[in-house]
1. Springs between alpha-carbon atoms under 10 Å, Gaussian network over the chain: tell me which of E305, E214, E193 tops the mean-square fluctuations.
2. Which order, highest average first, do 171-184, 317-330 follow once you tally other Cβ atoms within 10 Å for each residue and take the mean per peptide?
3. Please report the base-10 log of the normalised intensity I(q)/I(0) for segment 68-309, using a Debye sum with one equal scatterer per alpha carbon and no solvent, at each q in 0.13, 0.14 (1/Å).
4. Largest first, what is the accessible-area ranking of L316, L71 with a 1.4 Å probe?
5. Taking the Cα centre of the chain as origin, work out the dipole magnitude from +1 charges on Lys and Arg Cβ and -1 charges on Asp and Glu Cβ, in debye rounded to 20.
6. Please enumerate, by chain and number, the aspartates and glutamates with C-alpha under 16 Å from the C-alpha of K419, excluding those fewer than 8 residues away in the same chain.
7. Ignoring everything except DSSP H segments at least 4 long, calculate the 222 nm mean residue ellipticity for the chain; use -39,500 (n - 2.57) per segment, divide by total residues, nearest 500.
8. Kirkwood hydrodynamic radius, computed over distinct alpha-carbon pairs, for segment 318-359: how many Å, to one decimal?
Amino acid sequence: MTPGSHRMDGTFARLLDRRETQGRRRRLTLPPPGAVDFSSNSYLSLSESPELRTRYLALLQHDGGDHRFSLGSGGSRLLDGNTALAEALEERVAAFHGAPAGLLFNSGFDANAGLLGCAPQPGDVVVYDELVHASVHDGMRLGRAAHRALPFTHNTVAGSGGNSLSAVLERLCSGPDGDDFRRGRRNVFVAVEGVYSMDGDVAPLREIVACVGEKLPQGNGHVIVDEAHSTGIIGQRGRGLVCHLGLQDQVWARVHTFGKAMGCAGAIVLCSPTTRSYLINYARSFIYTTALGYPSLAAIQTTYEHLAGGFADGRLGSLRALIRRAHGNLAGLCRRHAVPSHILRINAAVPESPIFPLFTASARELAAHCQRHGFLLRAIVAPTVPRGTDRVRLCLHAGNTADEVDGLCRVIEKWACDKMGMESPVVQEVEEASIVKSEISRL
């Protein structure tokens, strides 16, 4: 190590110690062996599907033409990494989601950062939901609109006061450059998510699109939807929120990622053919990275064939039933014991997604309690979520069982009762309670 390394290690150690005292230090962890997964984003449990695994391995062994197996692509797509399979896959995925064209990226983060980093031109503005993903923020910082990015209150569209989307657009059109925006000489990009990863709520996308069209009638308002957590979950055969609402022709660009419900990795930006060509020329996260290799492309193809063929419909039905069951159980225990909101609170409405935020001032304590009883959940605290909204993030999967959901709810009920000093039901360890892991092959 160089002398300078010791100096930097000292600086880093002090910063880590400060984060430790604030209870915000992040660490890599491994799932406890045998724990029931209520944490990952693999909502459809496709990554564990024996049928999908068999079809994927068969495709890997396919040998012919441009689809010949190779571990890696060998370079960026602009140099030696492009393949006929990648281009065919882009066309297939775009058609599945009702889009004219698409461009593959190595991850959802790369897709958002690349798109937001190059699409806005000098003088343009990005207006974004305040809870939009970190990758969108990084893209905005990289781009020409770095100093012209305006947040609006999460999922709040109407209202001239406050910081609704409508109010932000009105202020923009009445400000110093208002005439340019009203006449369509400058663009406004509106960035939102289909389903928000920490709250699990769905964007009021129909209202957002209508608001943008009303405030910017010259066609210079461009809605971008990150469908990371709605892909595979929302809409017919998991086509996403935009397709579910029939807004394909009114949303300028979409980002679909494959690392969550789809069970593999990578992402695609759906857009016009001209925008696709522009991204090939200007999106740095596309240009300066090694392209996805054949194993990754084959996984994406296999999963989309599975989804398009309706083979995941049963999983979707099972997942939706588990969502209703979990919400009913949790709402019931909160009512039954009159649990104070600082101990445990859930949203009143049945979620439209598999993501349940369990709001509590003792998020780490509740998560640790669940883990001790064999259920894997994670505490999410500030600054990942706004201060005062700490929660345990519960994610349901098609591979979970009703017994597992009921067992988890009993564990949460015992914890809440103990916090309140009440007599609570006895909860045994997950092994003693004989909570059986789901047999995904039956789905």
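1. Sorting by GNM fluctuation, first place goes to E214.
2. Values: 171-184: 14.5, 317-330: 18.1.
Taking the mean over residues of other Cβ atoms within 10 Å, the ranking is 317-330, 171-184.
3. -0.75, -0.86
4. Details: L316 10, L71 145 Å².
The residues order as L71, L316, largest area first.
5. Working: 47 positive and 44 negative charges, 171 e Å.
For the chain, the charge dipole is close to 820 debye.
6. E365
7. Values: 15 runs with 176 residues, N = 443.
Taking each H run of at least 4 residues, the total per residue is -12500 deg cm²/dmol.
8. On the way: mean 1/r = 0.0939 Å⁻¹.
The Cα-based Kirkwood calculation yields 10.7 Å.
The values are calculated or read from the model by the stated rules, or taken from the named source; none is laboratory data. Quick caveat, the model's predicted, so the values are computed rather than measured. In this analysis, Cβ positions are derived from the backbone assuming ideal geometry, glycine residues included, and neighbour counts consider all displayed protein chains. When the accessible area is computed, the model is the full protein with side chains, heavy atoms only, and any ligands, DNA or RNA have been set aside. Shrake-Rupley method; radii C 1.70, N 1.55, O 1.52, S 1.80 Å.
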